[in-house]
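S.K.: Have a look at this one.
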Amino acid sequence: MNLRPALVFASPRGPYLSDAVVLACFDARFDLALRKLLRRLAFQNPDVVRVAGGLVAGSDFSCLADDCLLYGTSLMAIESCR
C-alpha cells in the first residue's frame, strides 16, 4: 500500500506563545461571533478549547492555567453555550 501525505505544512520555528485561552462549546452557531470577538480584542494567537456544553456555572477552570503553564494569559469562556 502506498500512502501519500494529506497535508504538507511547515510551521514557524521558534517558541509559541498563546495570548488567550478560550473555553467554547462545540456549537457552530458561536464560531463567527467568537472569531469577531477575538479579532476585536486583538488576540494574535488564541488557543480555543472546545468542551461539550461550554462553561458550566460554578466550574473551576483555574487548573487549565496551572496544568498548561499559561502564565500571563487570559482565560475566557462563552457563558451562553449550553
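S.K.: Run the quick spin-label model on residue 3 and residue 16: label points 7 Å from Cα toward the beta carbon, then report their separation in nm to one decimal.
M.R.: Placing both labels 7 Å beyond Cα along the Cβ direction yields 2.1 nm.
S.K.: Neighbour counts of other C-beta atoms within 10 Å: give me 11, 18 arranged from fewest to most.
M.R.: 11, 18
S.K.: Another one. Go ahead and collect, in residue order, the members of the stretch 1-43 whose backbone nitrogen is under 16 Å from a label point 7 Å along the Cα-Cβ direction of residue 50.
M.R.: 22-35
No value in this document is a laboratory result; all are computed from the given coordinates. Here the structure is a predicted model, which means the values were calculated and not measured. No Cβ is skipped: glycine too gets one built from the backbone with ideal geometry, and neighbour counts run over all protein chains shown.
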